[in-house]
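Student: Quick one: structure below, then a few questions.
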Amino acid sequence: MGNVGMPRLPSGKRYAQAAFAIAQERGLTDRLGEELGDIERALIGEDLMGVLSHAKVSPAQKEQVVRHALSGMSAIAQDLLLVLVKRRLLELAPQVRSEYQRLLDEHHGRARVQVVSAVELDAQEQGQVSAFVRGLVKKEVALDSRVDPAVLGGLFLRVGDRLVDASARGRLEELRKRLAGDSFRPQS
């Protein structure tokens with residue numbers, strides 16, 4: 001019952017869907033996807049986030065900052081950021097970007113695959129992972145790769161809500177569970 005009486009933050013999904021619909025009408029779906037990534041990265045910097053969330057900066061000044069900072073971007077991107085600023089929902093920007101990316105992938109019939117490996121994958125290894133996943137999901141595949149030395153060896157794949165653990169750490173953990181579950185009986 002912990003959150004009783006606490007206001008719920010709106011979902012970034014609604015904003016992403018609206019932006020996607022507008023971008024689709026204007027033929028800018030791919031461009032807006034890239035711009036939302038750029039916006040998310042820009043908001044990580046304390047300068048822009050600080051100005052846009054500061055109470056003493058007027059709404060007109062915030063609009064000027066957005067128009068200047070995003071001057072090379074589409075009006076859709078600028079307007080979306082202004083809506084988030086006006087409604088004090090800047091923290092939703094990453095959620096809007098990831099939901100928009102999901103809609104864009106769905107639109108293109110593409111599966112986004114998160115790959116976590118102990119070392120960076122070279123082009124050939126990325127191609128092998130893509131081919132493997134393409135065979136599973138029967139869709140075009142886009143890889144989001146990151147390195148995590150804790151994986152030890154091998155890799156983790158996440159495709160939607162499915163997880164494939166092909167890591168040495170995962171295999172060791174599975175072995176540990178099996179050994180812990182077996183009752184060791186003396187040989188007779």
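The values are calculated or read from the model by the stated rules, or taken from the named source; none is laboratory data. Since this is a predicted model, take the numbers as computed values, not measurements. Using ideal geometry, Cβ is built from the backbone for each residue, glycine included, and neighbour counts are taken over all protein chains shown. The accessibility values were calculated without ligands, DNA or RNA, using every heavy atom of the protein model including side chains. Shrake-Rupley method; radii C 1.70, N 1.55, O 1.52, S 1.80 Å.
Student: If you count, for each residue, the other Cβ atoms within 10 Å and average over each peptide, how do 146-156, 93-103, 26-36 line up from highest to lowest?
Tutor: 93-103, 26-36, 146-156
Student: From the protein chains alone at 1.4 Å, what is the descending order of accessible area for Lys138, Lys62, largest first?
Tutor: So the residues, ranked largest to smallest area, are Lys138, Lys62.
Student: Evaluate E = 1/(1 + (r/R0)^6) for Ala150 and His107, where r is the Cβ-Cβ distance and R0 equals 25 Å; express this FRET efficiency to the nearest 0.05.
Tutor: Given R0 = 25 Å and the Cβ-Cβ separation, E is 0.15.
Student: Related question: Provide the packing ranking of 81-87, 106-112, i.e. peptides ordered by the mean count of other C-beta atoms within 10 Å per residue, highest first.
Tutor: 81-87, 106-112
Student: For segment 1-109, just say rounded, prolate or oblate: build the C-alpha gyration tensor, square-root its eigenvalues into a ≥ b ≥ c, call rounded for a/c under 1.5, and beyond that prolate if a/b exceeds b/c, oblate if not.
Tutor: Oblate is the answer for segment 1-109, as a/c is 1.5 or above yet b/c matches or exceeds a/b.
Student: To test your reading of the geometry: what angle, between 0 and 90 degrees and rounded to tens, separates the Cα axis of helix 123-137 from the longest principal axis of the chain?
Tutor: In the chain, helix 123-137 runs at an angle near 90 degrees to the longest axis.
Student: Specify the angular offset, from 0 to 90 degrees and rounded to the nearest 10, of the alpha carbon long axis of helix 12-25 from the longest principal axis of the alpha carbons in the chain.
Tutor: Helix 12-25 sits roughly 70 degrees off the main axis of the chain.
Student: Roughly to the nearest percent, how much of the accessible area of segment 50-169 is carbon and sulfur, given a 1.4 Å probe?
Tutor: 52
Student: Sticking with this one: Can you give me the angle between helix 75-86 and the longest principal axis of the chain, using Cα atoms only, in degrees from 0 to 90, rounded to the nearest 10?
Tutor: Result, in degrees: 90.
Student: Could I ask something else about it? Based on the alpha carbon coordinates of the chain, what radius of gyration and maximum Cα-Cα distance (Dmax) apply, in Å?
Tutor: Radius of gyration, then largest Cα-Cα span, for the chain: 22.1, 85 Å.
Student: So, one more: What accessible area per residue comes out for segment 1-115, rounded to a whole number of Å², with a 1.4 Å probe?
Tutor: Accessible area per residue, segment 1-115: 62 Å².
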